[in-house]
Amino acid sequence: MGSRVLAELESDKFDDVVRQSSKMVLVDFWAEWCGYCHVMDPIVQDAATKYQDNILAFRMNADENVEIANRLGISGLPVFMIFSDGKPVCSLLGATTRARFESWIEDCVRKNSSNSQ
C-alpha cells in the first residue's frame, strides 16, 4: 500500500486542531473492527492529497477517543466530518463511492467559502 497521508488525531489535540486551523478540517472517524472504514481508507487518503489546498485531513479512532465520538453524537462508522472554526459544518455517514465522497467535500468547501465571505 502507499504511504499514509492522514495523521492520527488524538483527543487531547482535537479541539486545538479543529479550532485553530486556518483551513477546514476533515476528520475520518474509524475503528479497527470497521470493514467499511478500511474500504474507505484509500478514498479518504487520495482526497486528503487532492484537496490539501482547502482542507487539513486527519483520522481519529473512535474506539480510542470515545469522549470525542460521544460529544459529536457518533453512533455508527465510518463517519466523516468537516469542521470550520471548531464547529462541524458537514458530515457523512457510511461508505460511499470516490465520486460521491469528493463531491461531498467540494460541496462543503463551496458552502463554507460562500458563508464566510
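No value in this document is a laboratory result; all are computed from the given coordinates. These numbers were taken from a predicted model, which means no experiment stands behind them. Because the Cβ atoms are built from the backbone with ideal geometry, glycine has one as well, and the counts that use them run over all protein chains shown.
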Assuming R0 = 22 Å, what is the FRET efficiency of ALA31 and SER11, from their Cβ-Cβ distance, to the nearest 0.05?
0.90
Starting at the first residue of the stretch 38-49, write each ³J(HN,Hα) from the Karplus equation 6.51 cos²θ - 1.76 cosθ + 1.60 with θ = phi - 60°, in whole Hz, x for Gly and Pro.
5, 5, 7, 3, x, 5, 5, 4, 5, 5, 4, 6
Per DSSP loop assignment and a cutoff of at most 13 other beta carbons within 10 Å, the chain keeps its longest run without exposed GluC sites (Glu not before Pro) at 65-117
Taking Cα pairs closer than 8 Å and at least 6 residues apart, the relative contact order of the stretch 7-115 in percent is 35 percent
Restricting the count to DSSP beta bridges whose residues both fall in the stretch 7-115, what percent are antiparallel, rounded to a multiple of 5?
55 percent
Which of the chymotrypsin sites (Phe, Trp or Tyr not before Pro) across the stretch 1-72 are loop residues per DSSP, with 14 or fewer other Cβ within 10 Å?
TRP33
Work out, step by step, the length gained on full extension between LYS50 and ASP63: first 0.36 nm times the residue separation, then minus their alpha carbon distance; give nm to one decimal.
1.9 nm
Where labels lie 7 Å past Cα in the beta-carbon direction, separation of ASP107 and LYS23 in nm
2.2 nm
What is the sum of charges around ILE68, taking Lys and Arg as +1, Asp and Glu as -1, for the other residues whose C-beta is under 12 Å from the C-beta of ILE68?
-4
Within the chain, longest stretch clear of exposed trypsin sites (Lys or Arg not before Pro) (DSSP loop, no more than 15 other Cβ within 10 Å):
24-117
Scan (1) 13.1, 41; (2) 13.1, 38; (3) 15.4, 47 for the value of Rg and Dmax of the Cα atoms in Å calculated from this model and give just the label.
(1)
When the helices in the chain are scored as -39500 (n - 2.57) per DSSP H run of 4 or longer and the sum is shared across all residues, what 222 nm value do you end up with, to the nearest 500 deg cm²/dmol?
-13500 deg cm²/dmol
Place a point 7 Å from the Cα of VAL39 along the Cα-to-Cβ direction; which residues of the stretch 64-80 have their backbone N under 11 Å from it?
78
